[in-house]
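Peer 1: The structure under discussion is supplied below as structure tokens; questions concerning it will follow.
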Amino acid sequence: MNGGGQADGQFPTVQQSIQRIQEIDPKIRAFVSTRLEAAAREAKQLPDLPEPNLRGVPFSLKDLWESLDLPTTGGSLRHRNRPSPQDAPILTALRAAGAVFMGKTNLSDLSVPPEATNWLVGATHHPQNEECTPGGSSGGAAAAVASGMVGFDWGADIGGSIRYPAGLCGVYGLRLSTETWPVTAGMFPAVPPAMSFMCAQGPLAKSPRAMRRVLEAVKGTLRENPGWRQFRAEEIILWAPDPGTEWDGFAKDVEPVLRTALGLPVSGSHLVLPNLRRVFDIYVGVWASHFDEFVSCDPSLTFWSGMAATVLAVLFRGLVDKRIHPSTAEVLLFLAVKRALVFRDKSRALAEAQTVKAALESLWRNNVVVAMPVSCWPAPRIGTTNRHLPDLIRCSVPGNLADATALAIPFDSFPNGMPRALQLVGPPGSEFHLLDLAEKLRTR
């Protein structure tokens with residue numbers, strides 16, 4: 001198990017963050033925009049604050065959270081100068097806790113494909129291998145945290161968008177359930193109301209203790225419902241995809257570690273949880289059946305202009321039209337075809353999503369935590385993510401369909417040396433308990 005530094009929950013200073021951003025970001029491209037001079041001034045003027053606080057901690061935001069200081073682009077060139085109408089609630093809460101805002105991190109256009117690349121700044125590079133992607137859509141967030149440019153980032157997750165890049169980069173990433181930490185405002189573009197149960201928020205950091213400090217500082221403002229607050233794991237069930245991945249030995253690798261470090265019984269999932277390929281199809285069905293609603297969330301595009309931009313992006317790769325990046329266009333075109341040929345019934349798609357949630361809730365009621373890979377494949381080369389899309393995020397999407405609390409935890413490396421991660425999946429409101437378990441795993 002590895003997760004880098006910050007074992008005691010400490011963070012870099014603002015000055016250290018500025019130096020790292022200036023030295024490293026020109027190569028990694030984790031940021032869309034920064035405010036380093038303003039951050040340096042703010043760091044010198046911070047008042048004393050009661051505990052818990054984040055006084056002087058440098059942080060970044062995924063560039064879909066509204067901010068008056070910097071444009072909020074949603075990863076799209078067509079919104080490169082878009083002013084925000086207000087600060088997002090998370091930005092207000094973090095600043096009230098004394099954290100210092102350094103800038104906005106890179107993401108995919110419209111946050112659609114799991115690779116942080118767009119026409120704004122290009123592709124974000126993995127801190128360990130510049131030929132590879134750090135994932136997405138919160139890829140800039142994961143790269144910034146992993147390379148020590150900030151103490152933490154606050155991302156968003158509708159299909160593993162926090163956990164997947166965190167896992168690829170060897171840091172911790174937490175999806176907070178919308179039942180307990182609702183995303184009520186401040187996100188651009190917004191998600192269609194019918195799909196909002198899948199879209200969650202949460203931090204990326206280098207250690208469970210660092211992540212705990214962030215949550216403690218903002219929970220009084222952002223945490224609205226208790227969820228399953230009394231939940232305590234008494235058993236672990238493993239949930240892994242069929243053989244044929246780069247982590248076929250998942251169960252063999254993690255079972256003894258979980259059993260020893262956590263002191264809990266560990267068993268397989270084949271009798272109680274659905275096949276992950278089927279779960280991924282359900283996830284695609286939700287997206288495809290609501291495709292027209294999703295496209296219309298971008299005010300700069302009508303449905304038909306969006307479809308025209310999508311086709312042009314796929315055919316000409318930006319030579320003719322840069323309204324949509326090709327990586328996003330490929331996913332949109334895939335969903336449009338699925339919508340036309342297969343997934344037309346929105347109610348049925350949402351009902352099938354409920355079956356995934358029901359399967360997990362039946363385990364949570366018996367105090368069972370699910371352990372599964374974040375991804376069974378190492379970070380792909382930049383520009384190749386969509387070729388392997390189902391395999392890369394298949395393990396992430398159950399957490400979104402079930403609106404689970406899900407924590408990505410670094411777990412050794414793939415054979416090629418790139419980071420890999422497992423995730424613990426629990427009920428709404430179990431985030432602090434999952435962090436307790438992660439701390440035990442970290443210190444094994």
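The values are calculated or read from the model by the stated rules, or taken from the named source; none is laboratory data. Please read these numbers as outputs of a predicted model, since none were measured by experiment. Backbone-built Cβ (ideal geometry, glycine too); neighbour counts: all protein chains shown.
Peer 1: Please determine, by comparing only the residues of the stretch 256-298 that are of a type in the set (Ser, Thr, Tyr) and modelled with pLDDT of 95 or more, which one is farthest from residue 397 (Cα to Cα). Steps first, answer last, please.
Peer 2: Filtering the stretch 256-298 down to residues of a type in the set (Ser, Thr, Tyr) leaves 260, 267, 269, 283, 289, 296.
In the following step, the residues that additionally are modelled with pLDDT of 95 or more were identified as 260, 283, 289.
Details: 260: 28, 283: 7, 289: 16 Å.
Top of the filtered list is 260.
Peer 1: Sticking with this structure for a sec: Taking the criterion of being assigned to a loop (DSSP other than H, G, I, E, B), in contact (Cβ under 8 Å) with a residue 24 or more places away in the chain and buried (at least 24 other Cβ atoms within 10 Å of the Cβ), would at least one residue in the stretch 79-86 satisfy it? If you could, list the steps in order and put the result at the bottom.
Peer 2: Of the stretch 79-86, the ones assigned to a loop (DSSP other than H, G, I, E, B) are 80-86.
Checking which are in contact (Cβ under 8 Å) with a residue 24 or more places away in the chain leaves us with 80, 82, 84, 86.
Filter once more, keeping what is buried (at least 24 other Cβ atoms within 10 Å of the Cβ): none.
Checked the stretch 79-86: no residue is assigned to a loop (DSSP other than H, G, I, E, B), in contact (Cβ under 8 Å) with a residue 24 or more places away in the chain and buried (at least 24 other Cβ atoms within 10 Å of the Cβ).
Peer 1: Is it true that residue 244 is part of a helix (DSSP H, G or I) and of a type outside the set (A, V, I, L, M)?
Peer 2: On the way: part of a helix (DSSP H, G or I): no; of a type outside the set (A, V, I, L, M): yes.
For residue 244, the condition - part of a helix (DSSP H, G or I) and of a type outside the set (A, V, I, L, M) - is not met.
Peer 1: Among (1) surrounded by fewer than 20 Cβ atoms within 10 Å (Cβ to Cβ); (2) modelled with pLDDT of 95 or more, where does residue 238 come up short?
Peer 2: (1)
Peer 1: Could you tell me how many of the residues in the stretch 98-110 are touching a Ser or Thr at 6+ places or on another chain (Cβ under 6 Å) and within 16 Å of residue 71 (Cβ to Cβ)?
Peer 2: Quick first cut of the stretch 98-110, residues touching a Ser or Thr at 6+ places or on another chain (Cβ under 6 Å) only: 102-110.
Those left that are additionally within 16 Å of residue 71 (Cβ to Cβ): 102-107, 109-110.
Counting residues in the stretch 98-110 that are touching a Ser or Thr at 6+ places or on another chain (Cβ under 6 Å) and within 16 Å of residue 71 (Cβ to Cβ) gives 8.
Peer 1: Are any of the residues in the stretch 140-154 closer than 25 Å to residue 322 by Cβ and either surrounded by fewer than 24 Cβ atoms within 10 Å (Cβ to Cβ) or outside the structural domain of residue 221 (by TED's automatic domain parsing) (or both)?
Peer 2: no
Peer 1: Please pick out the residue among 44, 62, 27 that is closer than 17 Å to residue 152 by Cβ and either among the aromatic types (Phe, Trp, Tyr) or assigned by TED's automatic domain parsing to the domain that holds residue 188 (or both).
Peer 2: Working: 44 fails: closer than 17 Å to residue 152 by Cβ; 27 fails: closer than 17 Å to residue 152 by Cβ.
From the options 44, 62, 27, the qualifying one is 62.
Peer 1: While we're looking at this one, here's another question. Give me the residue from the stretch 370-414 that is under 19 Å from residue 244 (Cα atoms) and of a type in the set (D, E, K, R) and, out of that set, surrounded by the fewest Cβ atoms within 10 Å (Cβ to Cβ).
Peer 2: Taking the candidates together, the pick is 387.
Peer 1: Counting residues that are in contact (Cβ under 8 Å) with a residue 24 or more places away in the chain and over 25 Å from the mean Cα position of the chain (by Cα), which helices (runs of 4 or more DSSP H) fully inside the stretch 265-336 reach at least 1?
Peer 2: Working: elements: 276-289, 291-295, 303-316.
It comes to 303-316.
Peer 1: In the set 113, 127, which member is buried (at least 24 other Cβ atoms within 10 Å of the Cβ), under 18 Å from residue 325 (Cβ atoms) and touching a Ser or Thr at 6+ places or on another chain (Cβ under 7 Å)? Working first, answer last.
Peer 2: Values: 127 fails: under 18 Å from residue 325 (Cβ atoms).
Being buried (at least 24 other Cβ atoms within 10 Å of the Cβ), under 18 Å from residue 325 (Cβ atoms) and touching a Ser or Thr at 6+ places or on another chain (Cβ under 7 Å) holds for just one of 113, 127, which is 113.
Peer 1: Residue check: is residue 302 outside the structural domain of residue 412 (by TED's automatic domain parsing) and buried (at least 19 other Cβ atoms within 10 Å of the Cβ)?
Peer 2: Working: outside the structural domain of residue 412 (by TED's automatic domain parsing): yes; buried (at least 19 other Cβ atoms within 10 Å of the Cβ): no.
It is false that residue 302 is outside the structural domain of residue 412 (by TED's automatic domain parsing) and buried (at least 19 other Cβ atoms within 10 Å of the Cβ).
Peer 1: Which residues, taken from the stretch 91-110, are at pLDDT 95 or above, crowded, with 24+ Cβ neighbours inside 10 Å and part of a helix (DSSP H, G or I)? Give the derivation first.
Peer 2: Taking the stretch 91-110 as the starting set, the residues that turn out to be at pLDDT 95 or above are 91-109.
Cutting the leftovers down to crowded, with 24+ Cβ neighbours inside 10 Å gives us 94, 99-100, 102-109.
94, 109 - these are the residues of the stretch 91-110 that are at pLDDT 95 or above, crowded, with 24+ Cβ neighbours inside 10 Å and part of a helix (DSSP H, G or I).
Peer 1: So in the stretch 47-78, with the set limited to residues that are assigned to a strand (DSSP E or B) and not hydrophobic (A, V, I, L, M, F, W, C), which one is surrounded by the fewest Cβ atoms within 10 Å (Cβ to Cβ)?
Peer 2: The first filter runs over the stretch 47-78 and keeps only residues assigned to a strand (DSSP E or B), leaving 58-62, 65.
Okay, now just the ones that are also not hydrophobic (A, V, I, L, M, F, W, C), so 58, 60, 62.
Details: 58: 28, 60: 30, 62: 34.
This residue is 58.
Peer 1: Something else: Tell me whether the stretch 247-255 contains one or more residues that are crowded, with 16+ Cβ neighbours inside 10 Å, modelled with pLDDT of 95 or more and farther than 30 Å from residue 440 by Cβ.
Peer 2: No.
Peer 1: Would you mind telling me which numbered condition in (1) more than 30 Å from residue 237 (Cα to Cα); (2) surrounded by fewer than 18 Cβ atoms within 10 Å (Cβ to Cβ); (3) touching an Asp or Glu at 6+ places or on another chain (Cβ under 7 Å) residue 328 fails?
Peer 2: Condition not satisfied by residue 328: (2).
Peer 1: Let me ask you something else. Confirm whether residue 231 is among the hydrophobic types (A, V, I, L, M, F, W, C), closer than 30 Å to residue 76 by Cα and in contact (Cβ under 8 Å) with a residue 12 or more places away in the chain. Even if it seems obvious, please write down each step before you answer.
Peer 2: On the way: among the hydrophobic types (A, V, I, L, M, F, W, C): yes; closer than 30 Å to residue 76 by Cα: no; in contact (Cβ under 8 Å) with a residue 12 or more places away in the chain: yes.
It is false that residue 231 is among the hydrophobic types (A, V, I, L, M, F, W, C), closer than 30 Å to residue 76 by Cα and in contact (Cβ under 8 Å) with a residue 12 or more places away in the chain.
Peer 1: Looking at the structure I just gave you, is residue 209 closer than 30 Å to residue 12 by Cβ and either among the aromatic types (Phe, Trp, Tyr) or in contact with a strand residue (DSSP E or B) (Cβ under 9 Å, 6 or more places away or on another chain) (or both)?
Peer 2: Working: closer than 30 Å to residue 12 by Cβ: yes; either among the aromatic types (Phe, Trp, Tyr) or in contact with a strand residue (DSSP E or B) (Cβ under 9 Å, 6 or more places away or on another chain) (or both): no.
The answer is no for residue 209.
Peer 1: Being hydrophobic (A, V, I, L, M, F, W, C) and surrounded by 13 or more Cβ atoms within 10 Å (Cβ to Cβ) is the filter here; which residues of the stretch 256-281 pass it?
Peer 2: Going through the stretch 256-281, the residues hydrophobic (A, V, I, L, M, F, W, C) turn out to be 257-258, 261-262, 264, 266, 271-273, 276, 279-280.
Across the stretch 256-281, the qualifying residues are 257, 258, 261, 262, 264, 266, 272, 273, 276, 279, 280.
Peer 1: Among the residues of the stretch 362-369, is there at least one that is within 25 Å of residue 115 (Cβ to Cβ) and surrounded by 24 or more Cβ atoms within 10 Å (Cβ to Cβ)? Full working, then the answer.
Peer 2: Initially, the stretch 362-369 is screened for residues within 25 Å of residue 115 (Cβ to Cβ), giving none.
The answer is no; no qualifying residue exists.
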